[in-house]
Amino acid sequence: MGHVHAFDVLSDPVRRRILELLAGGERASGDVTGVIRGEFGISQPAVSQHLRVLRESGFTTVRAEGARRLYAVDPEPLREVDDWLGRFRGFWEQRLDALGTELARGRRERGGTQGGGDRGARTRSARSEYEETSGD
């Protein structure tokens, strides 16, 4: 699958939400449909169409269990997207490193933690503080 196609598939909020639901494990199509209909107010055929797009693009797998259809995430296309994003990851990791340094400096100036510690610990700390404040 091409990266552009993957982003086309992932650009839809309904499909992203379906993947979020499936990230917790395999789910019956009826369960997914119920959640999506409740959250987005779309019809059952519209949810089925989104499930079909995800299945045909390789983001999900489906298996029959009696009359039920069980959907699960296929991680391979997501790995491809992650690999593509990897070339850009350095942009925000550098900023998080800098943020970690500034946070550590501020703590030292207030009489908190002494010493610089290792860079990885600062980065993890900065990421943690960023995620707590940004809601991500």
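Please count how many residues of segment 28-46 are within 20 Å of the chain's Cα centre (by Cα) and open to solvent by less than 70 Å² (accessible area, probe 1.4 Å).
3
In the set (1) open to solvent by less than 40 Å² (accessible area, probe 1.4 Å); (2) modelled with pLDDT of 85 or more; (3) part of a helix (DSSP H, G or I), the condition left unmet by GLU20 is number (1).
Which one is modelled with the highest pLDDT among residues in segment 91-119 that are among the small types (Gly, Ala, Ser) and loosely packed, with under 10 Cβ neighbours inside 10 Å? The residue in question is GLY111.
Conditions (1) closer than 20 Å to TRP84 by Cβ; (2) among the small types (Gly, Ala, Ser), marked per residue:
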position	(1), (2)
ASP8	yes, no
VAL14	no, no
LEU19	yes, no
GLY34	no, yes
GLN44	no, no
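Quick test for you: out of LEU99, LEU70, pick the one residue that is touching a Lys or Arg at 6+ places or on another chain (Cβ under 6 Å) and over 18 Å from VAL9 (Cα atoms).
Going through LEU99, LEU70 in turn, the sole match is LEU70.
Report, by residue number, each residue of segment 35-49 that is in contact with a helix residue (DSSP H, G or I) (Cβ under 9 Å, 6 or more places away or on another chain) and in a helix (DSSP H, G or I).
VAL35, ILE36, ARG37, GLU39, PHE40, GLN44, ALA46, VAL47, SER48
The C-beta contact set for segment 59-79 (first residue open to solvent by 70 Å² or more (accessible area, probe 1.4 Å), second residue among the polar types (S, T, N, Q) and outside any strand (DSSP E or B), distance under 7 angstrom, 6+ apart or interchain) comprises ARG69/SER29.
If you go through segment 80-90 one residue at a time, how many are at pLDDT 80 or above and basic (Lys, Arg)?
Taking segment 80-90 and keeping what is at pLDDT 80 or above, we get 80-88.
Filter once more, keeping what is basic (Lys, Arg): 87.
Within segment 80-90, residues that are at pLDDT 80 or above and basic (Lys, Arg) number 1.
The values are calculated or read from the model by the stated rules, or taken from the named source; none is laboratory data. Every value quoted in this text rests on a predicted model; they were computed, and no experiment measured them. As a convention, Cβ positions derive from the backbone with ideal geometry for all residues, glycine included, and neighbour counts pool all protein chains shown. These accessible areas exclude ligands, DNA and RNA; they are computed on the full protein's heavy atoms, side chains included. Shrake-Rupley method; radii C 1.70, N 1.55, O 1.52, S 1.80 Å.
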